[in-house]
1. Among residues other than Leu51 whose Cβ falls under 15 Å from its Cβ, what is the net charge (Lys/Arg +1, Asp/Glu -1)?
2. Between Asn168 and Leu240, what is the FRET efficiency for a Förster distance of 22 Å, r being their Cβ-Cβ separation, to the nearest 0.05?
3. Could you give me the ³J(HN,Hα) list for the stretch 125-130, computed from phi with Karplus coefficients 6.51, -1.76, 1.60 and θ = phi - 60°, whole Hz, x at Gly and Pro?
4. Could you quote the convex hull projected area for the stretch 84-160, Cα atoms only and averaged over all directions, in nm²?
5. Please list, in chain and number order, the residues 5+ apart from Val269 or on another chain whose amide H is under 5 Å from its amide H, with Hs placed from the backbone.
6. Identify the residues of the stretch 77-112 with backbone N under 19 Å of a label point that sits 7 angstrom from the Cα of Lys147 along the Cα-to-Cβ direction, or state none.
7. Can you compute 3J(HN,Hα) from phi for each residue in the stretch 77-85, using the Karplus curve 6.51 cos²θ - 1.76 cosθ + 1.60 with θ = phi - 60°, rounded to whole Hz and x for Gly and Pro?
8. Just list whichever of Lys36/Lys83; Lys40/Lys190; Lys13/Lys40; Lys15/Lys83; Lys74/Lys126 have alpha carbons separated by over 20 Å in the model shown.
Amino acid sequence: MNNEQHIMGDLLKDKICVITGGGRGIGQATAILFAKEGAKVLISDIDKKPLEETISLIEHFSGTVKSFIGDVTKKADCENMMKSAVDGFNVDSIDVLCNIAGMTKDKMIHQMSEEDWDFIINLNLKGTFNCVQAASAYMRDPAKKEKDSGAINSRSIINISSTSAKGNPGQINYASSKAGVEGLTRSVAKEWARFNIRCNAIAPGFIETRLTQPKKNEKDFGIPEEQKKMIDKLQLETGLAREHGKPVDVANVALFFASDLSSFVTGQVLVASGGMIGSI
């Protein structure tokens, strides 16, 4: 199913949703899907141009969207992002936070530089922490007031892990960051369950994005061509009888976690890998 085939719905009608990494790939697909389900979406990215593309796609079907250019590794940017969401939509709280911003910088252990280790840990893990902490004032705090008054709304945090969290050759930094995201997810779920704030994670397998395209040289985004051929073979022989996963496949899982369909689900990591052996 592509984005144009999705029927407009109201699973997220008027919910305020913040989505990091909203300019590309899974983040863009999630922003489009959420807007089509009636959400008021604030998308964040470090780059302006891809944000503008996502905005154009959402405005094409009259969806409600605002944007914020920022770096999730910077605490101040995350705080300003959350404030921009509530101020921009003239509300007091955030209903859904999707932490999708992330990156890979693959190297075998003996070749991994300290800079590449720090970069990935800071972006994928610390960035997720920064956003959750910054959202506390607009998710946990209002929920606490609601609880005291006897009426509490349903809110959701969705983090992106990976099947690589179990360990993957050449991805010690990425695997460690995503394993950390899973621990973070369960910790938030346990701390904030009393405020009816759910926190779950999605662990995608091979999803076709710029990070999984065959790369022609060392500096390109993507994976080596021979590795891509192996993944293609594994998908064909052991996975669901269809093409590789698309960003919208992960967005559909995010929609489940964002909506009240998952109102009794928290602290979970849902694998979205098409059943491919080695990723479940």
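What follows draws every value from the coordinates through simple rules; no lab data is involved. Since this is a predicted model, take the numbers as computed values, not measurements. Here the Cβ positions follow ideal geometry from the backbone for every residue, glycine too, while neighbour counts run over all protein chains shown.
1. Charge balance near Leu51 sits at -3.
2. With a Förster radius of 22 Å, E is 0.60.
3. Per-residue couplings from phi come out as 9, 5, x, 5, 4, 4 Hz.
4. 6.4 nm²
5. Placed amide hydrogens put Ala201 under 5 Å from Val269.
6. Zone members listed by number: 93-97.
7. Listing the rounded values in order: 4, 5, 5, 5, 4, 5, 5, 4, 5 Hz.
8. Over 20 Å Cα-Cα: Lys36/Lys83; Lys40/Lys190.
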